[in-house]
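All remarks here apply to the structure that follows.
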Amino acid sequence: MKDYAIFVVECDKLVEEALKETLSNEGYTVYSFSEPCQALSYISKINFQIAIIDVTTGDIPVENFVSEIKKKTPSPAVIITVYTPDAEEIINLVNKGVDAILLKPINIPDLKNVLSQVENECRIYDQLEKLRNENEKFQKENNVLKENLFKVCVNISMVKLARIFLHELKNYLTTINLSLHNLQKQLPSRERVDKYLQLISRSASEANELAMRILGMRKEKKERVDINRVLKEILEMLNFEFRKQGIRVEASFNELPIVDIDSSALKQVFLNVILNAKEAMPSGGELKIKTDCLQADSSYILIEIQDSGQGISKENMEKIFLLGFTTKSDGTGIGLYVTKSITEKLGGKIEVESKLGRGTKFRILLPVKAEKFSMINE
């Protein structure tokens, strides 16, 4: 059996029966009609791929048949049979959607040739229809994937925001906890008590500023800052921890220009790197910190923070600033990512040198005239 069914409208009963028999013998499923009104009523009820219609269909114009057939989806191919071809009429029928003209008297070679042509067109149409359906399916799947990806991105952004917030808030809480510890150790000295109380107060205030800034309720606060003083405060705050862990601190602070910058953001950068250095020397070691003006015109400030700790392997050197990358069992992979982000948005950059087992050196370059930046790396 052929893959195609044929709808036949032939008003001459003998021709209709002969055509039906011939097409059936060729393996087609045939729906044959000699009454035009009956045939027209069946067009929407029958599934067929090819229509063979005599140009003379009585009271019903052949154009009506063509129009109704072409409304079907997918649209069947239409062959019109004629005795005497009229050029103007044929052109009009072709414009209406007729696919082929078959001259009467019909012979088998011409019939097979025309059917072969329209079958080929049907196959092409079927392939195109299949491709269209597949494309629609892929488009729907693509839209679903885009929607899911958008949801995932939103969730990732929220997770990223929460992780950054918690990590950086933890640093400020570390400052508060260490200062409280130092406070307890220094209670007899009123001067040092006041100093640690100021550190606690300032850290709590900066933690609040960080939270407000992340939530979009604060803009960056630029102020005139002495970078050496910021570093000294951090080192003094961590002094007890360094001594307890057996870490020797060697600081070399050269004279630097005062910069207009957000001091809490600057402290965030330094604190992240120094705490990383501390964690890299669990059994003690040496921490070196140096500041200087990099160029003769003093347009850049250099801050070097070097430890004698475990160092970083070559395969990890390119990953250390990636969000989520960490070699620590309890690490978050946030600290250095945030540090690099803030440094770059200040118009500066951060470089790292390291040898496994011999320590790590971070070089932070900051312009004297710092650029504006936002806390979250978008």
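The values are calculated or read from the model by the stated rules, or taken from the named source; none is laboratory data. For clarity, every value in this text was computed on a predicted model and none was experimentally measured. Neighbour counts are summed over all protein chains in view; Cβ atoms, including those assigned to glycine, are modelled from backbone coordinates with ideal geometry.
Scanning the range 105-124 for residues that are more than 15 Å from ASP54 (Cα to Cα) and aliphatic (A, V, I, L, M) yields a count of 4. Scanning the range 246-291 for residues that are assigned to a helix (DSSP H, G or I) and surrounded by fewer than 16 Cβ atoms within 10 Å (Cβ to Cβ) gives a single hit, GLU279.
Scanning the range 68-96 for residues that are under 21 Å from GLU16 (Cβ atoms) and part of a helix (DSSP H, G or I) gives GLU68, ILE69, LEU93.
In this structure, does LYS267 turn out to be at pLDDT below 90, farther than 19 Å from LEU365 by Cβ and of a type in the set (Lys, Arg)? Against the criterion (at pLDDT below 90, farther than 19 Å from LEU365 by Cβ and of a type in the set (Lys, Arg)), LYS267 does not qualify. Among the residues making up the range 302-329, those that are of a type in the set (S, T, N, Q) and either surrounded by 13 or more Cβ atoms within 10 Å (Cβ to Cβ) or in contact (Cβ under 8 Å) with a residue 40 or more places away in the chain (or both) are GLN306, SER308, GLN310, SER313, ASN316, THR326. Considering the range 97-120, and only residues there that are among the β-branched types (Val, Ile, Thr) and not in a loop (DSSP other than H, G, I, E, B), the residue that is farthest from TYR83 (Cα to Cα) turns out to be VAL118. Filtered by the rule that a residue be part of a loop (DSSP other than H, G, I, E, B) and either under 59 Å from the mean Cα position of the chain (by Cα) or without any contact (Cβ under 8 Å) to a residue 12 or more places away in the chain (or both), the range 19-34 gives GLU26, GLY27, TYR28. Considered as a group, the residues in the range 35-58 that are among the small types (Gly, Ala, Ser) and part of a loop (DSSP other than H, G, I, E, B) include one that is surrounded by the most Cβ atoms within 10 Å (Cβ to Cβ), and that residue is GLY58. Filtering the range 33-59 to residues that are at pLDDT 90 or above, β-branched (Val, Ile, Thr) and closer than 24 Å to LEU103 by Cβ leaves ILE50, ILE52, ILE53.
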